[in-house]
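These notes are about the structure you will find just below.
Bear in mind that the values in this text are calculations on the coordinates, not laboratory data. In this text the structure is predicted, and so the values were computed from the model without any measurement. Here the Cβ positions follow ideal geometry from the backbone for every residue, glycine too, while neighbour counts run over all protein chains shown.
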Amino acid sequence: MKNLIVGQSGGPTAVINSSLYGVVKTALDCPEIDKVYGMQNGIEGFLKGTILDFEEALPGDKLELLKTTPGAYLGSCRYMLPDDLDDETYPKLFAKLEELEIAYFLYNGGNDSMDTVSKISRYAERVGSDIKVLGVPKTIDNDLVMTDHTPGFPSAARYVANTVREIVTDASVYETPAVTIIEIMGRHAGWLTAASALARRFEGDAPYLIYLPEVDFDLDDFVKRVEALLKDHNAVVVCVSEGINDADGKFICEYDSATGVDSFGHKMLAGAGKFLENLLRDKLGCKARSVEFNVSQRCSSALMSKTDQEEAIMAGRFGVESALQGETGYMIAFDRVSDYKIECSLQDVNKICNEEKKVPASMICDDGTDITQEFIDYCAPLIKGNVEVPTGEDGLPLFAYRTK
Ligand code: F6P
C-alpha cells in the first residue's frame, strides 16, 4: 500500500476543486492507494508541514461538495521552488515525502505550478526516487501550451459572457449616451476577454470593442473609436483585458497607478478600466463607468459550466490513473478529438512550464479591436451546461470548508 498527496497552487478557478474531487475520489476508491493526503497552501505549506488526511477532513458524502465549491479547498500559494536542484530545499522536501510514504504526487495549477512539477520530477529522477509526479492543469487564463484548453477557463468564460450580457442590458436603459468599460482578467493572454464576444445576441450587438493584450493598445485610436461609436449608440460597451499594453509593452494600468509585484515577480494588474474611464470623461466629456470583474469571474459556482466541471473531474481522475501506471513528469492535457469531444493525454511538463499560450492572430480581427469567428467556434462549446449547486434553506450555497 502506498500513499498519494495532492496540492493546489496559483489563482483559484470555479472548478479547481472539481479536479481535486477527481483526484481524491479516484485515489480513495483505489485498492492500491492507502492514505490520500492534501498539502495545505501548496508546496509552500507542505514545506512547513501542513497537511490533511481526506478521510478525516471530508468523510462520506462531504467530499461531493468539492464539485461545486469555488476557491481552492486546500488553500493555495504563489511559491517557486529554487531553480538549483542542488538547493537544500529538495532533500528536505523528499525526506518529508518519504516520511509520509508518498508514492504519488499530484499538483494542480497553472504555468508556475507546472514549474514545481518539473523541478520535483527532475529531482526525483536525479536521486533515483520512485515517486510519480504529475501536474493537473487549471487556470482561467487558458494560457497553458500543449492542451486545447485548461479547466477553469470555460466557467470563467461563461461568467464573462453572461455578465457582459447582463451589463449590456442594464447599460441600454437610458437615452443619454454613456460608455461602460469592462475589465477582465488575463495578464498576457486575452482568452478570457475574448469570451466577452459570446455575449452578443445579434449582428452589430455590444460589446463594440474588445481589446486583448496580444495587440498594441493605442490611446488616441481608442478615444477616436469611442467618439465615433457614441454618435450611433447610447450604450457603448467596451471589454478590455487587465493586461492591455502599448507598443512599448507598458501596461495601460501603469499610466496612472502604482502597480506592485507578486511573489513570482509578476506585476499585479488592476486599473486599466478605471484609467480609460477617466480618460474618456476627460477627452470626450461623456458619461463613463468601469466595471472590474476581478475575482468574481473565477469564483462563481452559480455560473459554473457543466462541461468544465466534468472535464476538470476527468483530468483529476486521469492524473491518478496515469500515476498508478507509472507515468511521471507529465501534465494532463486535453485533446479536442471532435466537435465537441475531449480526451486526456500526457504532455511533457518541462515543455509546458513557464510558457504562455497567447490568442493566435487568426482569432483576432485585423484592426485588433475584435475577435474572429474562429474564436467563437473554439470557445462556444466550452461554456455549455448548467450545474445545480446544493443550496441551504437560507438560499445560500453549501460549500466544503477546511477546518483549521
Ligand atoms: O491565476 C490566474 C489569475 O487569476 C490571473 O488571471 C490574474 O491576473 C491573477 O491570477 C491574479 O492573481 P492573484 O489572485 O494571486 O492576485
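Between residue 78 and residue 172, take the C-beta separation as r, use R0 = 30 Å, and let me know the FRET efficiency to the nearest 0.05. For R0 = 30 Å, the calculated efficiency reads 0.15. With N counted as the residues of region 85-228, its alpha-carbon radius of gyration over 2.2 N^0.38 Å works out to 1.54.
Can you tell me how region 33-102 classifies by the Cα gyration tensor, rounded, prolate or oblate, using a/c under 1.5 as the rounded cut? Don't skip to the answer; put the middle values down first.
Numbers: a/c = 3.45, a/b = 1.68, b/c = 2.05.
Oblate, since a/c reaches 1.5 and b/c is not below a/b.
A simple spin-label model places pseudo-atoms 7 Å from Cα toward Cβ; at residue 361 and residue 2 they are separated by 4.7 nm. Listed cross-link partners 48/306; 25/92; 250/306; 138/341; 351/384 are compared with a 27 Å cut-off, the Cα-Cα value being larger for 48/306; 25/92; 250/306; 351/384. Averaging Cα coordinates gives a centre for region 275-315 and one for region 177-218; these two points are 10 Å apart.
Its alpha carbons give region 291-404 an Rg and a Dmax of 18.1, 52 Å.
In this simple spin-label model, placing a label point 7 Å from the Cα along the Cα-to-Cβ direction at both residue 399 and residue 148 gives a separation of 3.0 nm.
Taking amide H atoms as placed 1.01 Å from N in the peptide plane, list the residues 5 or more away in sequence, or in a different chain, whose amide H sits under 5 Å from that of residue 365. For residue 365, whose amide H was placed from the backbone, the distant partners under 5 Å are 370, 371, 372. The calculated FRET efficiency for the pair residue 327 and residue 294, based on their C-beta separation and a Förster distance of 30 Å, comes to about 0.20.
Extension gain for residue 282 to residue 48 (0.36 nm times residue separation, less C-alpha to C-alpha distance): 79.1 nm. Each of 351, 231 was scored by other Cβ atoms within 10 Å of its Cβ. Listed from fewest to most, they are 231, 351. For the chain, a Gaussian network of Cα nodes joined below 10 Å ranks 176, 193, 139 by mean-square fluctuation, and the top entry is 176.
Backbone amide hydrogens, once placed in the peptide plane, bring residue 237 within less than 5 Å of 180, 208, excluding anything fewer than 5 places away on its chain.
Which loop-located GluC sites (Glu not before Pro) does region 347-404 contain, where loop means any DSSP state but H, G, I, E or B and the Cβ has at most 13 other Cβ atoms within 10 Å? It would help to have the intermediate numbers written out before the result.
Working: sites: 355, 356, 374, 388, 393; in loops: 355, 356, 388, 393.
Passing both the DSSP loop test and the Cβ count: 355, 356, 388, 393.
According to the Cα-based calculation, Rg over Rh for the chain is 1.00, with Rh computed by the Kirkwood formula.
Under the 0.36 nm per residue contour assumption, what length would be gained going from the current alpha-carbon distance of residue 255 and residue 122 to full extension?
43.7 nm is the gain from fully extending residue 255 to residue 122.
The slack between residue 101 and residue 55, meaning 0.36 nm per residue of separation minus the straight C-alpha distance, is 14.9 nm. Seen from residue 116, the other residues with C-beta closer than 12 Å to its C-beta sum to a net charge of -1, counting Lys and Arg as +1 and Asp and Glu as -1.
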